[in-house]
Every structure is written in structure tokens, then in C-alpha cells.
1. Compute the relative contact order of the stretch 1-142 as a whole-number percentage, counting only Cα pairs closer than 8 Å that sit 6 or more residues apart in sequence.
2. Spin-label point model (7 Å from Cα, Cβ direction): what's the Trp111 to Leu123 distance in nm?
3. For a protection proxy built on the mean count of beta-carbon atoms within 10 angstrom, sort 98-105, 24-31, 165-172, 126-133 highest first, please.
4. Applying a 10 Å radius around every beta-carbon, put 89-97, 51-59 in order of their mean neighbour count, most first.
5. Working out 0.36 nm times the residue gap between Lys38 and Ser156, then minus their Cα-Cα distance, what length gain in nm do you get to one decimal?
6. Using a 10 Å cut-off around each Cβ, can you sort Trp111, Trp138 from fewest to most neighbouring Cβ atoms?
Amino acid sequence: MSPRKTVLGFFIRLAVLYTVLIASWPMVRSGYCGVYRKMGSACFSRLGDGGTATFENDPTEDAVRDTVVVTVNTTFPDARIEKRMPISARYTGYFPTVVVVSLVLSTPLAWPRRLRSLAVGLLLVNVFILAWLGVSIWDDISEPLPQVPVHGFILSPWAKSAVHFLVVNVVDSLVACSYVVPVFIWILACFGAAKDRESLLRPFVEAPTTDPSSATATPPAP
């Protein structure tokens, strides 16, 4: 197959897969959000000394922000000190996962290699999602000194500014987290090995072969 047809086929498969998976959100929303909240609650059950976080269903039934992260300071038994941070399981979890899945399954690799790349990609994208959530929660529950943060995450002013800058410019960016980072994850999952990069580039760098039957003999010089 020519390089042009290979690239065209990749983009056609990518467009179809991405459209189908995005359109499937209403059907998978309940199940995905349930897994997302359980995973978040398990991974962030402890926040420093005396802090806990649970991922709960948004009681307002918001179409976008469908989940609420409830962080509680348990060091004060006589008073419940908590913060509630609404987030979107769709945008912080489902979107980047869909992009990785669509890219990997559309890549013209042998199916055994494609499935292994899919497993690696899903692992990496979920690690990224947890890191994304961790930075968001850290920014939400910390305050610059000398104020007392909710969960004992005491940051100096410059550290708080650095975390907040990261959240505003990277974590809260839908383009960066839902598209740019998943593209890098796809490259790492599918083409992390040198032989995979070579196989990808080979059709574009190999010189076309010449059919011997069509070659014209050069007459000898007198």
C-alpha cells in the first residue's frame, strides 16, 4: 500500500472511531462515572495528615460537571471542615481515554502489537488522569501562608503560585490535557521502540523499486 493510502486510511479510521466513541457517552456515562469515582476515591483516600477525599455524584445533575470531589479535614473531631470541588469525569477522564484508544486502534500495526500498545496506552492515560486530578486537588485545598489550609498542605507563596500556574495553564486546558498529552501517550505506546519507529518511517524513506522489464538497456559507448 502506498504511503498516501496508509496515511489516508489512518485518518479515516481515526475520525470514525473518535466520532463513535464520543457519541457513545450518553450510553456509557453511568458506568464510566461509577468507575471513575471509585478509582478517584481509592487513590485519594488519604491527603497528608488527616485529610480525605471522596468522589461523589453531583446532586445538581450538572450536564458537564457530573462529579464532586469532597475533601475533609479529619483532625478536628468537633467540626467538619470540608471543601467541595466540582469536576467533569467526561472531560478529565473520558475524553483523553477516547483520544488514546482512537489513535492506537487506527494505527496501521499488526493486531497483536496494536493490542499491546492499547494496553500500554490505557495504563499511561490513567496514570496521567490521576496525576491531573492530584494536582487539581492539591491546588484546591492548599492556601499560601500564613493561612491554614484545609488539609495541612502548607505551601510557601512561590510554591502555591507555581502549582496554581500549572493548574491554570495546563491542567485546566481542555486542548492540552484532552488532546496534546494523549497524542504523546499514543506515540510512546505505539512507537516507543526503535524498530516501531523504523517500520513507521520505512514507506516514506525507501526508494521505489524499478521493474527490470521496463528498464531500457543503455547502448555501449563507441
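No value in this document is a laboratory result; all are computed from the given coordinates. Predicted, not measured: the structure shown is a model, and the values here were computed from it. Neighbour counts are summed over all protein chains in view; Cβ atoms, including those assigned to glycine, are modelled from backbone coordinates with ideal geometry.
1. Working: 148 pairs, mean separation 29.7, N = 142.
It rounds to 21 percent for the stretch 1-142.
2. Going from the Trp111 label point to the Leu123 one covers 2.3 nm.
3. Highest-to-lowest ranking by the protection proxy: 98-105, 126-133, 165-172, 24-31.
4. Details: 89-97: 21.3, 51-59: 17.1.
Answer by packing, highest mean first, reads 89-97, 51-59.
5. That works out to 39.3 nm of additional length.
6. Details: Trp111 8, Trp138 21.
With the sparsest Cβ surroundings first, the list reads Trp111, Trp138.
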